[in-house]
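Taking it in order: structure first as structure tokens, then the write-up.
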Amino acid sequence: MALNAPKPLAQSGSGVIMPDLTAVLKLPQTVKMSDATFRQLREFIYKQTGIYFQDNKKYLLEGRLGKRLQVLNLPDFERYDQLLRAGTGRADEMRFLYDAVTINETFFFRNEPQFEAFEKTLVPQIVASRKQNGRATLRVWSAASSSGEEAYTIAMIFLERIRPLYPWLDLEVVGTDISRSVLETARSGVYREYSIRNMPPYYLNKYFTADDGRFTLKDDVRRLVHFEHMNLYDRPRMRTMSRFDVVFCCNVLIYFDQQSKIQVVSDLYDSLNPGGYLFIGYAESLHGISSAFKLVNFPKTVAYKKE
Ligand SMILES: C[S@@+](CC[C@H](N)C(=O)[O-])C[C@H]1O[C@@H](n2cnc3c(N)ncnc32)[C@H](O)[C@@H]1O
């Protein structure tokens, strides 16, 4: 045995029993979540956000909230559940809870057929229906924007392909999300390689400055977009969102159950101008959720029109 090598505690048969390193190095023990606590936490999260964890997603909640136990130095998930339900400390913890239970995957130019339909059909149609007394503003909402890639993609397409055709048209994009940490990234306008992987090089060269693996959006794109914290499941807050021409609400309905989808989609409908359009994720559908919209087909995508 090499000098200074750690001594095994004991030997049995051919196996070497190593010292309990979790105790020696103070590594966190994995805390198990009981089924009863899982159901309680799931119910709490559902009531706050509309996000529903199916039985087979317990491991996800266990892993993600397990990190909160360590940070807060709590011995088990029961204490965490109590913390959320108690008035004290709860408001502070909600921010971390939302970060822990959401999946924030997104990237620039994620669903190109939607942007094509937006640019080539929706905008000309909306513009034609507007009285043109001087300037007009096209209002777009990126609902569940995550770190802002979708909202900024819309702004770049506007600058590049829409404004040259309609110089009198302005654009306002509002990005909203329940997770405050992704909104911080969105507001910073600074991205890594991962976010730009699907972006045409032309846009990257024209609208970003690159420095040491970080890509920073230029101000002419950033000034068209602003971000607000918002829970799509918060009805009074949803009612403050109105007069949008186009709403992109992509890749978030999949986390909701049927009831919350119905509620959220109905509020999105109310947020649109007559003649406005809703886009949802390509793996999502409004079948059984809403019959208020007219389904409109485009090459490789669909949109939902409020008539
Ligand atoms: C997978 S990302 C989708 C981002 C972008 N729309 C896209 O398609 O690339 C889903 C986002 O929905 C947000 N989200 C989940 N539940 C929400 C809720 N109740 N209200 C607002 N945002 C929510 C998450 O924080 C996350 O950033």
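Every number here is computed from the coordinates shown, using simple stated rules; none is lab data. Bear in mind that the values here come from a model prediction, so they are computed numbers and not experimental data. Note: ideal-geometry Cβ built from the backbone for every residue, glycine included; neighbour counts use all protein chains shown.
For this structure, a couple of remarks:
- Label-zone membership for the range 263-298, site Gln125, 7 angstrom Cα→C-beta point, backbone N under 14 Å: 273-280, 293-298
- Restraint check, Lys261/Lys306; Lys67/Lys261; Lys206/Lys294; Lys57/Lys306; Lys218/Lys300; Lys218/Lys261, Cα-Cα greater than 25 Å: Lys67/Lys261; Lys206/Lys294; Lys57/Lys306; Lys218/Lys300; Lys218/Lys261
- The calculated FRET efficiency for Glu228 paired with Arg79, based on their beta-carbon distance and R0 = 25 Å, is about 0.15.
- A simple spin-label model places pseudo-atoms 7 Å from Cα toward Cβ; at Arg197 and Val31 they are separated by 3.4 nm.
- Tensor-based shape of the range 22-101 (alpha-carbon gyration tensor, a/c under 1.5 rounded, otherwise prolate or oblate): oblate
- All alpha carbon pair distances within the chain were sorted into 10 Å bins beginning at 0; the resulting P(r) in whole percents reads 5, 23, 27, 21, 12, 6, 3, 1, 0.
- For Lys120, the aspartates and glutamates whose Cα comes closer than 20 Å to its Cα, not counting residues fewer than 8 places off in the same chain, are Glu112, Glu150, Glu160, Asp170, Glu172, Asp245, Glu307.
- Nitroxide proxy distance, nm - points 7 Å out along Cα→Cβ at Asp170 and Ser242: 2.0
- Using the Cβ-Cβ distance between Ser290 and Gln70 with R0 set to 35 Å, the FRET efficiency from 1/(1 + (r/R0)^6) comes to roughly 0.25.
- Relative protection proxy for 221-232, 53-64, from highest mean packing down: 221-232, 53-64 (other beta-carbon atoms within 10 angstrom).
- Alpha-carbon geometry of the range 204-307: the Rg and the Dmax are 16.4, 49 Å, given in that order.
- Each label point was placed 7 Å from the Cα along the Cα-to-Cβ direction; for Arg180 and Arg214 their separation is 2.2 nm.
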